[in-house]
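Q: Here it is, the structure in full.
The values are calculated or read from the model by the stated rules, or taken from the named source; none is laboratory data. Keep in mind it's a predicted model, so treat the numbers as computed, not measured. A quick note on method: Cβ atoms are made from the backbone with ideal geometry, for glycine too, and the neighbour counts reach across all protein chains shown.
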Amino acid sequence: MSRDDTKRGIGKVVSVAADRFVIEMHSGTDSFTVVGFDDVHYVARLGSFLMIPVQSEYVVAEVVGLRERDISSPANRDGNMDKASSAKYLDVVPVGMLPQTKGSFRFGVSVFPSLYANALYALDAELDRIFETDEPVERSPSRRTLPGVEQPTRFKALTIGTSVIFDGYDVKVRIDDFFGGHSAVLGNTGSGKSCTISSILQSLFEKPDEHRARGATFIVFDVNGEYAQALEPLASEGGIGVTQIVLDGSAKEGKFRLPHWFLEQSEWELLLQASERTQLPVLRTALGLTSLFRQNSPEALATKEHFIATCVIECFRGADGDSPVTKFQRVLSLLQKYPTNDLHHGLLRQYGANFQYGNFVPHQNLNVFLEVFRGKLRQDVSLPAYTGEPFSFDDLEEALDFAILYEEAHGNRQIRDYCSQMVTRFKSLKERVDYEFLRCDPASPLGDLSVAEFLGTILGVERSADQLSKISQIIIVNMNAVEDELVELVASVLARMAFRTLRQADPRNRFPVHLLLEEAHRYVAEKPSRFSIDASKVYERIAKEGRKYGLFVLVASQRPSELSKTVLSQCSNFVIHRIQNPDDLSQIRQMTPFISESVLKRLPSLPKQHALVFGTSVNLPTTFKVRTAQPLPLSDDAKIRELWFHEAGRPVKIQIGPSVARVDEGGSAFE
């Protein structure tokens, strides 16, 4: 043992078992305090580490208990314990091995200490090696360094706070491990989750020198409208951009718009809650028709005329109760809306249609008229595919009627009744004020917007000449003004679009994107939502496959027991604030292999701004005080005394805007 090691000895090993050691501290030690060669050390903190030399390594042991036994002479007792002469013991558990000079920490103990081996307090340098954060900054392999100019650096580990066990020791997470996997920040409301996330992002982007994190992309789903205050000031840092997109459900200029033709077929199915056996085929056909009627190829024209002919023939056959005039009106409407060179509404007059009575003059012309349409029928036709071409809600409404007619023409006479509920939901969606952001005019500039251009705004990139350049590293999607139904829809669609883009990117995994899911239990839930879109399915796939393509989630929630188990189980790093609910504690115990029962017991008593971090980015679970975010997010507690007790006549300092439309469980809108 080296001379310095001798100076920092605190006691001897007096009991050795496979899973627990007992350290008896040196006699004369007062209150578990040791005066070392470098400082005064208080070694009785639960969770602190001791070093026990064995051969050329240290056994790293964690303090899990402490006790004291009075051994003074009975003749000298006056009823008080003699602290100086009492025997003091530390119960410790071995957690791993650390080389005495150089080398990395490794889990598990291969060599056990002998009785009366020395126990030492841990130095900061050893803590850095235990946590593998001894070199938090490294030089960037830049190819543009000029002679005489200092080479730029980059973070290897990021400081997130200070240890509550080791005085003055900065707690760090390894960048590649923390941001190279899915993570979760969990804790009761008011425990400091949003402050922790803001602090981490501020630490990352406030790097004072080159290189800065210009290649990062954080998409923040801000359901409470609190992150702009904390993150927008980062835009003043060199080369860092922050963009806020506000969703309020309206179609106002400057507000977030999501063209409805960007929704995939499966998202329309969920949005309209189409039943699989009857409504789903009709909806798929209708969506395909919206794409078909915007195509001009010969094959598309032949398919279009087949559908028109089928529906016109069905109209004249008519459902029970249809009057002749009604039949003529439906045919006229179809031919006016979807004319071709051969099939158009002029054929009705050409063959003597009488719109007043709903017949042809002479009546034999009906068969001649229908023969024109029978000539357009095809035997080898396939249902049109939905390609996401711009279309209006009116187009889809007519396409739904078209698709129902087509099914009726093939003998399904009850399909209109079966689809009535889906059609009603669609009409409600078409009229609801809070869905204005989704209903876009294909003739407007949004109709010329490609998916790539739209997603470029969400990913913070823009095209310049032949290359993409980064303009924003943080993109805040502020959804505070809308209800959970719209949050689920927007979160699901944006996540799916980002996942598909990165999955198809070439080269792969070269553009990491992090989705920050604030209040994730509201839209990434284990149980299906009472609303239409179930965003959990998208995030469960991202949790399982996103790492391969560079798409990661940072989940923030106050109810981990309500979160999708699949998403939570794929998280490799956890920052846990105070959690007191037994169901939530049980969920963490089941989902995470990193946490022991003794560590779990600390969670209900953690004070505000304190958290426990564990996972792949830190070698051992560590309790720390979170670095204070500056500025703070807009999530401060109400100052009750100040707001309640004041002089008479003070005006109320609040502006009450228009109410947000909500949806009850029956699906109707109310204010």
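Q: Kindly indicate whether ILE219 is of a type in the set (A, V, I, L, M), part of a strand (DSSP E or B) and in the same structural domain as SER536 (by TED's automatic domain parsing).
A: No: the conditions fail for ILE219.
Q: Further question on the same structure: Do you know which of the residues in segment 350-367 that are in a loop (DSSP other than H, G, I, E, B) and in contact with a helix residue (DSSP H, G or I) (Cβ under 6 Å, 6 or more places away or on another chain) is surrounded by the fewest Cβ atoms within 10 Å (Cβ to Cβ)?
A: PHE355
Q: Scan segment 104-124 for residues that are part of a loop (DSSP other than H, G, I, E, B) and not hydroxyl-bearing (Ser, Thr, Tyr) and jot them down.
A: PHE105, GLY108, VAL109, VAL111, PHE112, PRO113, LEU115, ALA117, ALA122, LEU123
Q: Give all pairs with beta carbons closer than 8 Å in which a residue from segment 464-488 that is closer than 22 Å to SER564 by Cα meets a residue that is modelled with pLDDT under 90 and in a strand (DSSP E or B); count only pairs at least 6 apart in sequence or on separate chains.
A: What qualifies is GLU483/ARG662; GLU483/VAL663; GLU485/VAL663.
Q: All but one of (1) in a loop (DSSP other than H, G, I, E, B); (2) under 52 Å from the mean Cα position of the chain (by Cα); (3) without any contact (Cβ under 8 Å) to a residue 60 or more places away in the chain; (4) over 18 Å from THR303 (Cα atoms) hold for PHE391, so report the exception by its number.
A: It fails just one condition, (3).
Q: Sort out which residues of segment 102-138 are in contact (Cβ under 8 Å) with a residue 24 or more places away in the chain and among the hydroxyl-bearing types (Ser, Thr, Tyr), and write them in order of number.
A: SER104, SER114, TYR116, TYR121, THR133
Q: Which strands (runs of 3 or more DSSP E) does segment 431-483 wholly contain that include 3 or more residues that are assigned by TED's automatic domain parsing to the domain that holds ALA520 and either β-branched (Val, Ile, Thr) or closer than 21 Å to PHE393 by Cβ (or both)?
A: Qualifying strands (runs of 3 or more DSSP E): 474-478.
Q: Give segment 231-249 a look and list any residue that's in a loop (DSSP other than H, G, I, E, B) and over 20 Å from LEU455 (Cα atoms), or say none.
A: GLU237, GLY238, GLY239
Q: Name every residue in segment 1-44 that is over 28 Å from THR101 (Cβ atoms), at pLDDT 75 or above and polar (S, T, N, Q), in order of residue number.
A: If the condition is that a residue be over 28 Å from THR101 (Cβ atoms), at pLDDT 75 or above and polar (S, T, N, Q), then SER15, SER27 are the ones that fit.
Here's the yes/no breakdown for (1) among the aliphatic types (A, V, I, L, M); (2) assigned to a strand (DSSP E or B); (3) surrounded by fewer than 24 Cβ atoms within 10 Å (Cβ to Cβ):
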site	(1), (2), (3)
LEU554	yes, yes, no
PHE574	no, yes, no
GLN587	no, no, yes
GLN590	no, no, yes
VAL599	yes, no, yes
LYS608	no, no, yes
VAL613	yes, yes, no
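Q: Checking the conditions here, which among ILE415, ILE404, ILE475, ILE471 is within 28 Å of GLN229 (Cα to Cα), among the β-branched types (Val, Ile, Thr) and touching a helix residue (DSSP H, G or I) at 6+ places or on another chain (Cβ under 7 Å)?
A: Being within 28 Å of GLN229 (Cα to Cα), among the β-branched types (Val, Ile, Thr) and touching a helix residue (DSSP H, G or I) at 6+ places or on another chain (Cβ under 7 Å) holds for just one of ILE415, ILE404, ILE475, ILE471, which is ILE475.
Q: State yes or no: is SER536 in the same structural domain as ILE475 (by TED's automatic domain parsing), touching a Pro at 6+ places or on another chain (Cβ under 9 Å) and closer than 28 Å to GLN580 by Cα?
A: yes
Q: Between LEU377, LEU370, which is of a type in the set (A, V, I, L, M), more than 20 Å from PRO281 (Cα to Cα) and not in a helix (DSSP H, G or I)?
A: From the options LEU377, LEU370, the qualifying one is LEU377.
Q: Then there is this: Among residues belonging to segment 405-436 that are among the aromatic types (Phe, Trp, Tyr) and within 32 Å of the chain's Cα centre (by Cα), point out the one that is surrounded by the most Cβ atoms within 10 Å (Cβ to Cβ).
A: Restricting to residues being among the aromatic types (Phe, Trp, Tyr) and within 32 Å of the chain's Cα centre (by Cα), the top hit is TYR435.
Q: Here's another thing I want to ask about it. Take the conditions surrounded by 15 or more Cβ atoms within 10 Å (Cβ to Cβ), at pLDDT below 90 and over 21 Å from LEU115 (Cβ atoms) and apply them to SER73. Does it pass?
A: no
Q: Quickly run through segment 625-652 and pick out the residues that are surrounded by fewer than 10 Cβ atoms within 10 Å (Cβ to Cβ) and closer than 29 Å to LEU234 by Cα.
A: Passing the criteria: ASP637, ALA638, LYS639.
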